[in-house]
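Heads up: the structure comes next, in C-alpha cells.
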Amino acid sequence: MDRGVVSKMLARVENWEQSADSRAVFLRCYMMMTENMLAGIEQGEFTDPAWVERLLNRFADYYFVALEAYDQDPASAPAIWRLAHLSTADAQVVALQKLLYGVNAHINYDLVLTLVDLLEPEWAALSEAQRLQRYTDHCAVNNVIGRTIDAVQDQVLEVSMPSMEFIDKLLGPLDELLISRLISQWREVVWESAVRLLNSTDPSDRHKIIQLVEADALRKADAIDFTNWRTALRELW
C-alpha cells in the first residue's frame, strides 16, 4: 500500500479533530489498523502479502469514495454510511457507538464488495487450496485487529469517553476480547456473503444478495443504538 493513503487518513483526522468533528473517532482507529496491517505485511504474517496489500488499498478506496459522496451530497452515499456519518453529529451518541457505526459500515458492507472486487477476476481459476489460502489471509487479519483494539481503547476511546478507562480496569482484557470476537464473527459472515456473490452468475440474484448484505448492516446499526439491549445482543453477538 502506498503510505500516502495513511498520510491522507492522518491529514483528514487532524483536520476533523481540530474542528471537533467526531468522524475522527472512526478514522483514527481505521488509520491505526491500517498501520498495523502494513506492519503485518512487512513482517510476513500473510501467505500472499501482495494480495493482502491490494485488498487493503481497495478497502480504503471504498471508505474515501463513500466519504466524498457524503460530503458532496449525503443522499448519494450508501445508506449505511449516511447513518454512520449522521451519528457522529448526535451528542447523545458516545464515542464507542460512533466507532462501531463506522466499523459496521466498513466491514459488514464495504468489505463484502472489496473481497468480490479482488477475488472475482481469479475465482473460477483458483483451486480449492488457493481459495483456502485467500480465506486464511482473510482470517489472519483478525489477529491484527485483536492487537489493535487495546491501543484503540487507550489512545482514542478513553480520550473521548473517560468511563472507558474504568471499564477497562474493571474488566481487564475481557472487553477487548468481546470486541475482537464480535468483529471476527462479522468478518466470517462477510466472507460467506462474498463467496455467495462469487458463486452466483445471475445478476438479479447478485443484486438480491447485496441488498441482503446492506439490510443486515443496517440492522446491526440499529442495534448499536443500544436502546434495546435484547436486540443489541441478538444482532451484534
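The values are calculated or read from the model by the stated rules, or taken from the named source; none is laboratory data. Quick caveat, the model's predicted, so the values are computed rather than measured. In this analysis, Cβ positions are derived from the backbone assuming ideal geometry, glycine residues included, and neighbour counts consider all displayed protein chains.
Residues of the stretch 58-82 that are surrounded by fewer than 16 Cβ atoms within 10 Å (Cβ to Cβ) and either part of a loop (DSSP other than H, G, I, E, B) or aliphatic (A, V, I, L, M) (or both): Val65, Asp73, Ala75, Ala79.
For the stretch 40-49, does any single residue satisfy the condition of being exposed (fewer than 14 other Cβ atoms within 10 Å of the Cβ), more than 27 Å from Pro121 (Cα to Cα) and either in contact with a helix residue (DSSP H, G or I) (Cβ under 9 Å, 6 or more places away or on another chain) or modelled with pLDDT of 95 or more (or both)? Yes.
Residues in the stretch 1-57 that are aliphatic (A, V, I, L, M), without any contact (Cβ under 8 Å) to a residue 40 or more places away in the chain and part of a loop (DSSP other than H, G, I, E, B): Ala20 only.
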